[in-house]
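Structure first, commentary second.
Each value in this text was obtained by applying a stated rule to the coordinates, not by laboratory testing. As the structure is a prediction and not an experimental result, all values here were calculated from the model. Cβ coordinates were reconstructed from backbone atoms using ideal geometry, including for glycine residues, and neighbour counts include every protein chain displayed.
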């Protein structure tokens with residue numbers, strides 16, 4: 001077990017912002033391997049945690065890890081976007097705090113078979129719930145047009161060479177050589193755009209990120225999740241969100257600003273249409289990032305950003 005339990009990113013900072021109280025009820029909307037949930041359960045007497053995750057393998061591991069807490073912890077197999085129904089099914093009308101870590105878990109990223117990483121030659125899957133029956137990354141690349149592939153890679157990966165990469169993917173497909181493994185995709189991207197001298201970042205990083213986001217519909221569900229999570233909070237309840245790339249962080253920042261009463265409409269619009277109304281206090285004027293020490297111990301924390309609000 002110790003080999004697969006990863007270091008939870010920004011753990012101390014998240015728990016400090018959450019300010020859990022004795023007997024409080026909390027939700028970890030992206031349970032993963034249970035690191036944040038465990039810290040919440042240990043933070044105050046009689047705290048309860050409902051853990052939500054779309055990956056059944058993570059549910060099993062976290063449940064075993066947290067079995068010492070008995071009925072104070074329960075795990076639910078669901079997407080974090082289903083937080084309201086998951087809470088209702090567990091008789092939670094309101095909670096004192098909610099956290100979510102929107103990144104890929106270490107278990108998924110380190111898997112040699114799930115297709116999240118180009119470090120292993122595996123089927124190009126990338127589904128966070130491998131039992132869902134939803135389309136894989138390979139299926140996506142086999143179905144989408146060249147323009148659609150380019151748009152996915154550009155919009156979700158912010159990859160400037162998206163058109164060239166999409167063209168090569170479709171050329172391969174038309175030759176009867178569809179991209180079906182992580183190695184095939186990583187090699188294709190590197191051959192297409194090259195590798196910058198002196199950089200440690202693989203040239204396929206942005207493309208892999210984009211496909212993962214598209215396969216799991218990650219960005220489209222964030223705003224709805226944030227609004228639903230906020231509605232579940234009691235007065236003075238806290239919502240803490242960790243993101244790992246700019247697209248996610250931008251959504252979280254704008255939703256938090258709107259909930260704090262700051263208009264996020266484009267400046268030229270004469271009348272506010274975003275619905276900004278002061279319902280919350282932003283607790284992080286700037287996102288909290290990992291310390292040099294944490295980055296050294298856990299390089300994946302380098303891009304993490306933590307934002308939090310309090311319901312008023």
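Helix 182-193 axis versus longest C-alpha principal axis of the chain: approximately 70°, rounded to the nearest ten.
Rounded to 0.05, the FRET efficiency of the residue 71 and residue 220 pair, given R0 = 25 Å and the Cβ-Cβ distance, is 0.10. Relative to 2.2 N^0.38 Å, what does the C-alpha radius of gyration of the range 118-216 come to as a ratio? Two decimals please. Dividing the Cα radius of gyration by 2.2 N^0.38 Å gives 1.00. Mean projected area of the convex hull spanned by the Cα atoms of the chain, taken over all viewing directions: 17.4 nm².
Scaled to the globular estimate 2.2 N^0.38 Å, the Cα spread of the range 168-312, given as radius of gyration, is 1.37.
What FRET efficiency would be calculated for the residue pair residue 45, residue 134, taking the C-beta separation as r and a Förster radius of 41 Å, to the nearest 0.05? It comes to 0.50.
Taking each DSSP H run with n ≥ 4 as -39500 (n - 2.57) and averaging over every residue of the chain yields -11500 deg cm²/dmol at 222 nm. Ignoring solvent entirely, what values of log10 I(q)/I(0) come out of the Debye formula for the range 207-262 at 0.22 Å⁻¹ when each Cα is a single scatterer? Taking Cα atoms of the range 207-262 as identical point scatterers yields -0.90. Measuring nothing but how far apart in sequence close Cα pairs (under 8 Å, 6+ apart) lie, relative to its length, the range 118-216 scores a relative contact order of 38 percent. Once the Cα atoms are used to define both axes, helix 146-157 deviates from the longest principal axis of the chain by about 40 degrees. The relative contact order of the chain comes to 17 percent, based on Cα pairs under 8 Å that sit 6 or more residues apart. Rounded to a whole number of µm²/s, how large is the Stokes-Einstein D of the range 36-125 at 25 °C and 0.890 mPa s, given Rh as the Kirkwood radius over C-alpha pairs? Estimated via Stokes-Einstein, D reaches 168 µm²/s. Kirkwood hydrodynamic radius of the range 1-158, from the reciprocal of the average inverse Cα-Cα distance over all distinct pairs: 17.0 Å. Between helix 56-65 and the chain there is an angle of about 40 degrees, using the helix long axis and the longest principal axis of the Cα atoms.
Kirkwood radius, the range 226-312, all distinct C-alpha pairs, inverse of mean reciprocal distance: 14.0 Å. Translational diffusion coefficient of the range 1-73 at 10 °C, 1.306 mPa s, Stokes-Einstein with Kirkwood Rh over Cα pairs, in µm²/s as a whole number. Diffusion coefficient, whole number: 129 µm²/s. Using 0.36 nm per residue and subtracting the Cα-Cα separation, the extra length available between residue 279 and residue 246 on full extension is 9.4 nm. The GNM of the chain, with springs linking C-alpha atoms under 10 angstrom apart, assigns the highest mean-square fluctuation among 199, 63, 182 to 199. Among 145, 130, 301, the largest mean-square fluctuation in a Gaussian network model of the chain (Cα springs under 10 Å) belongs to 145.
Taking 0.36 nm per residue of sequence separation and removing the Cα-Cα distance, the residue 112/residue 205 pair yields an extension gain of 31.8 nm.
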